[in-house]
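Before any comments, here is the structure.
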There are 2 protein chains.
Amino acid sequence: MHYGIAVFPQKHIQDLVNSYRKRYDPHYSLIPPHITLKEKFELSDDRLEDATKRLEEIAKQNKPFTIRFHKVSHFHPTSNTIYLAIKDSEPLKTLHSQINASFDPTELPYDYIPHLTIGQKMSEEELHDVYGTLRLRQFELETKIDRFHLMYQLENGSWSIYQTFLLNK
Amino acid sequence: MHYGIAVFPQKHIQDLVNSYRKRYDPHYSLIPPHITLKEKFELSDDRLEDATKRLEEIAKQNKPFTIRFHKVSHFHPTSNTIYLAIKDSEPLKTLHSQINASFDPTELPYDYIPHLTIGQKMSEEELHDVYGTLRLRQFELETKIDRFHLMYQLENGSWSIYQTFLLNK
C-alpha cells in the first residue's frame, strides 16, 4: 500500500490555500492543504505496526511549534509548483529527517524544502502569470503544528487517514 | 468549527465503495468512504481539548471488532440514500451511543443505523434504478475496525483530519 506523512495547517490557512488550489492544483479534491513530511512510499502490511511505533517515538521526541507563511515562492524550473514559503521551518526539517531515517532512508534527488502548495502541474505561462500576481503580496499567516498524520492512498488517488501522531506537549 | 466523527473501512472496501460513489454520491470528493459515528456538530475551540480527552476515554473502553457488509439497502423515503448494510453492527452502536452521550446529548430524529453510503441525494428514479440493480447482489465484505477519527469541515465542504483514537487493543 502507498503511504504518505504530512502536517495540516490550521483551518483558516487551509481555507485560504484552497481558494487558490481550487483553480491551480489538480490534487485539490484528493487531499486537504498540507505540508508533506514524507512523500508517497510503499509499505507492506506486515511492516505497518512497526512503522507506527517508530512514528510514535519520533512524535514523543518533538515538541509542538509554530510556523509562519510570509510569501509565495516556486520550484520552477524543477517543477511548476507554486507554494507558500515557510519561515521558522527548522522543526519541520527535523521531523522530516527523523522520519526519513526511520524508514529505508532513500537519497532524495533534491533538498527537502517544507512548503504549502497552492498550485502545481501548471503550464509555464500559467505559472508565470500566477506567480507574477502573487509575488508581491505579503502574507502574515501563522499556524501551530502539534501533530502529524500517516495516510494511505486509495485507488482513485485520494488520501485516507490512518493515524495521528501527537507531538509531545 | 464543525466536527464529525467516523470510522473508515479497510482500503479494499473504500475502493469498491468509491466505484459507486463516484457516480452516485455528491460527497465523493469531500471525504473518503466512511461510517458516521457522530454527524456534523458545532464545537468551540475552548471545548476541543476536553472533547478529545473524552473520546480517548471512550476509545480505551472499547475493543477492536470486525463488521461485515452483506447487502445493499436504502433509507427511502426518509432520504434518497443507498448504502451497504452492516452485520454485527452492535459495537458501532455502542460507540455511537457513548460518543453521543459524552457531548450535549441531542435527541436524534431517527434511530442510529450504522451504514456505509454508496449513493445519496439521488433522484427518485435514479434511486430505484440503482437499488433495483444492486439489491440482488450478495456482498461478502469484512473489515476490522480498530480506530475512529475526529474530523473538521473546511469552507469548501471537505473534511480534514484532526485526530485518530485507537481502540483498546
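Below, the figures for the structure above:
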{"item": "Shortest-first nm distances, residue B:105 label point to equivalent points in other copies (7 Å, Cα→Cβ)", "result": "5.4"}
{"item": "Pseudo-label separations to other copies for residue B:93 - Cα-to-Cβ vector, 7 Å, nm", "result": "5.6"}
{"item": "For the range A:134-148, Karplus couplings with θ = phi - 60° (6.51, -1.76, 1.60), whole Hz, Gly/Pro x", "result": "9, 4, 8, 6, 8, 10, 10, 10, 9, 9, 7, 10, 10, 6, 9"}
{"item": "Mean accessible surface per residue for the range B:2-166, computed with a 1.4 Å probe while every protein chain stays in place, in Å²", "result": "50"}
{"item": "Cα-derived Rg to Rh of the range B:56-169, Kirkwood definition", "result": "1.00"}
{"item": "Inter-copy spacing of residue B:68 label points, which lie 7 Å from Cα along Cα→Cβ, given in nm from shortest upward", "result": "5.9"}
{"item": "Three principal axis lengths of the protein assembly as shown [C-alpha, angstrom, descending]", "result": "56, 43, 40"}
{"item": "Computed label-point distance, nm, for sites residue B:43 and residue A:10 using a 7 Å Cα→Cβ extension", "result": "1.7"}
{"item": "Candidates B:53, B:121, B:63, ranked by Gaussian network fluctuation over chain B, Cα under 10 Å, top entry", "result": "B:53"}
{"item": "Helix B:11-24 axis, angle to chain B major axis (alpha carbon atoms, nearest 10°)", "result": "60"}
{"item": "Translational D in µm²/s for the range A:1-113 (Stokes-Einstein at 4 °C, 1.567 mPa s, Kirkwood Rh from C-alpha pairs)", "result": "82"}
{"item": "Residue A:45 accessible area, assembled protein chains, probe 1.4 Å, Å²", "result": "120"}
{"item": "Positive-end residue, the range A:23-169 charge dipole about Cα centroid, Cβ charges, pick of A:84, A:117, A:161", "result": "A:84"}
{"item": "Set of lysines with alpha-carbon distance to residue A:93 below 21 Å, sequence-local pairs under 8 removed", "result": "A:38, A:40, A:53, A:60, A:63, A:71, A:144, A:169"}
{"item": "Local electrostatic count, residue A:8, Cβ distance below 14 Å [Lys/Arg +1, Asp/Glu -1]", "result": "+2"}
{"item": "Prolate/oblate/rounded label for the range B:69-132 (Cα gyration tensor, a/c 1.5)", "result": "oblate"}
{"item": "Cβ-placed point charges (K, R +1; D, E -1), dipole of the protein assembly as shown about Cα centre in debye, nearest 20", "result": "300"}
{"item": "Dipole magnitude of the range B:29-169, debye to nearest 20 (Cβ charges: Lys/Arg +1, Asp/Glu -1, about Cα centre)", "result": "680"}
{"item": "Among A:86, A:145, A:31, residue whose mean-square fluctuation peaks in a GNM of chain A (springs only between Cα atoms under 10 Å)", "result": "A:31"}
{"item": "Within the protein assembly as shown, percent of DSSP bridges classed antiparallel, to nearest 5", "result": "100"}
{"item": "List A:49, A:57, ordered by accessible area with a 1.4 Å probe, largest first", "result": "A:49, A:57"}
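The values are calculated or read from the model by the stated rules, or taken from the named source; none is laboratory data. None of these values were measured; they are calculated from a predicted model. Cβ coordinates were reconstructed from backbone atoms using ideal geometry, including for glycine residues, and neighbour counts include every protein chain displayed. In case anyone asks, the SASA skips ligands and DNA or RNA and just uses the protein heavy atoms, side chains included. Shrake-Rupley method; radii C 1.70, N 1.55, O 1.52, S 1.80 Å.
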